[in-house]
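Structure first, commentary second.
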Amino acid sequence: MDNQTQLDAFYAELENDSLQGLWRVVRNMMSRTPSSPARPFHWQWPRLRRHLDAAAELIGVADIAKADRVADRRVLVLVNPGLKERNTTTPTIAASLQLIRPGEVAPAHRHSSTAIRFMIDGHGAFSAVDGEKFCMEPGDLVLTPSMAWHNHGNETDRPVVWMDGLDAPLMMQLCAFFYDDYPKDEHEIVRSPGFSVKKYAAGGLRPMPSAGSSGVSPLWHYRFEDAYRALSNLAQVEVDPVEGAALDYVNPLTGGHALPTIGCRIQLLPAGFAGAAHRHTGHVIYHVVKGEGCTTMGEERFPWQQGDCFVLPPWLWHKHESAGHGESILFSMSDVPVLEALQLYKEELQPQL
Ligand SMILES: [Fe+2]
Ligand SMILES: [Fe+2]
C-alpha cells in the first residue's frame with residue numbers, strides 16, 4: 001500500500017471515530033488578524049422606506065401570527081451579503097426595521113436575547129417593557145433587557161418605523177436562547193408613565209439605594225432631546241478627532257454599558273468634520289439620524305444621508321466625514337461590551353503617512 005493510500009485510510013478511520021487531524025483544519029479555525037464573514041455594506045433610506053411601505057400593504061401581521069405566533073411582526077432584517085445563509089447583519093447582532101400600522105400590536109413575549117428599539121419615524125407608538133409603557137419620539141432609544149416581558153403597539157393614526165437590534169445571533173451561537181409567550185396580548189402596566197426616566201435619568205445624580213445593580217441599566221428609555229442636548233454641549237467643548245462628539249448610553253448606576261451584549265452610542269459630527277481613520281475589534285451597525293456625509297471602510301467610500309444604515313466589520317480601517325453644510329448625527333450599536341468583557345477589545349489609529 002502506498003503512502004497516500006495509507007493516509008486516506010487513516011483519515012477515513014479518524015472520521016469514523018469522530019476525530020480530525022488539526023493540521024488539516026486549523027486554517028479554518030484561526031486567523032492572524034480578526035476576520036468576519038460580515039462585509040462593509042450600506043442600505044439607503046429611500047429603498048428601505050419603499051420596501052417597508054410595500055410590506056405594510058402586502059403583509060398582514062395578524063395573518064403571519066395565525067401561522068406562527070413568534071413571527072407576528074412586520075420586520076425587514078438588514079441582511080449582510082456575507083451572512084445571507086444566517087439572515088443577520090453581523091455574526092452577533094441582527095438589525096432590522098419594523099413598520100407598525102395604526103392599531104397593530106405585537107403580543108407580549110420575552111426572550112433571553114437582549115434587544116433595543118431606536119425610533120426612526122412617527123410619534124407616540126409604544127414599547128412596553130416589564131410593566132412600563134414607553135411612548136417613543138424620533139431618536140429615542142428603548143432597551144429590552146434579556147427576559148424582560150415586552151409588547152409593542154401603535155395607538156396613533158400613522159404608521160411608525162423603528163430600528164430593532166437583537167443579539168439573537170450571539171444567543172444562537174452560545175446556544176442560550178429561551179423564548180416565552182405571555183398568556184395575554186399585553187403585559188399589565190404596573191409603573192406610572194415616565195417612571196424609569198424620572199428615577200434614573202437624573203443628570204449625573206444616582207438614586208439611592210445604588211447597591212445591587214445587575215449590570216443591566218434600570219433606565220430603559222433614553223430620550224433624544226436629552227441625548228441631543230448632551231451632544232450639543234459636548235461638541236461645544238470637545239470633538240474627538242476620530243468619533244466627533246460621541247456619547248455612549250450607559251447604566252446610570254455603574255457608568256458601564258447600558259446592556260451587557262449591545263453597546264449603543266450616539267455621535268455628532270460637526271459640519272465639515274473629517275475624522276481620522278482607525279480600526280478596532282467589534283462589529284458596528286450605524287443608523288443616520290440626521291444630516292449627510294460619508295464613511296470610508298477599507299478602500300470603499302459609502303456616502304450616506306438621513307435614514308440610511310451601514311455596517312462595519314472588525315479590524316477594518318474606517319473614517320467618518322460630515323458634509324459641509326450642517327451637522328450629522330449617527331446612532332450605532334455594536335458587540336463591543338462583549339469584547340471588553342472578554343478583554344478582546346483592541347483599537348488603533350491609522351499611522352499618518
Ligand atoms: Fe421580542
Ligand atoms: Fe470606529
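Structure notes:
- Across segment 201-259, Cα-Cα distances exceeding 13 Å account for 65% of all pairs.
- Two-site label geometry, LYS199 and CYS175: point separation in nm, points 7 Å out along Cα→Cβ: 3.7
- Carbon + sulfur, % of accessible area of the chain - ligands and nucleic acids excluded, 1.4 Å: 54
- Added length on full extension, which subtracts the Cα-Cα distance from 0.36 nm per residue, ARG27 to GLU186: 52.3 nm
- Computed over protein heavy atoms with a 1.4 Å probe, the accessible surface of the chain works out to 51 Å² per residue.
- Basic side chains Lys and Arg get +1 at the Cβ, acidic Asp and Glu get -1 at the Cβ, and with that the dipole of the chain about its Cα centre reaches some 460 debye.
- Relative contact order for segment 35-159, counting Cα pairs under 8 Å that sit 6 or more residues apart, in percent: 22
- Where Rh is the Kirkwood radius over Cα pairs, Rg/Rh for the chain: 1.02
- Taking 0.36 nm per residue of separation and subtracting the Cα-Cα distance, full extension of the segment from ASP8 to ASN87 would add 24.7 nm.
- In a simple Cβ point-charge model (Lys, Arg +1; Asp, Glu -1; nothing else charged), segment 227-353 has a dipole of about 140 debye relative to its Cα centre.
- Descending Cα extents along the principal axes, segment 214-324, whole Å: 42, 30, 25
- C-alpha center-to-center spacing [segment 165-198, segment 276-303] in angstrom: 30
- Lysine pairs in the chain whose alpha-carbon atoms fall under 20 angstrom of each other, counting only those eight or more residues apart or on distinct chains, come to 6.
- In terms of packing, defined here as the mean over residues of other Cβ atoms within 10 angstrom, the peptides 154-164, 326-336, 84-94, 168-178 line up highest first as 326-336, 84-94, 154-164, 168-178.
- Taking 0.692 mPa s as the viscosity and 37 °C as the temperature, the Stokes-Einstein diffusion coefficient of segment 49-184 based on its alpha-carbon Kirkwood radius rounds to 216 µm²/s.
The values are calculated or read from the model by the stated rules, or taken from the named source; none is laboratory data. Because the structure is a prediction, the values reported are computed rather than measured. Reconstructed Cβ throughout: ideal geometry from the backbone, glycine too, with neighbour counts over all protein chains shown. Each accessible area value is taken on the protein alone, full model and side chains, heavy atoms only, with ligands, DNA and RNA left out. Shrake-Rupley method; radii C 1.70, N 1.55, O 1.52, S 1.80 Å.
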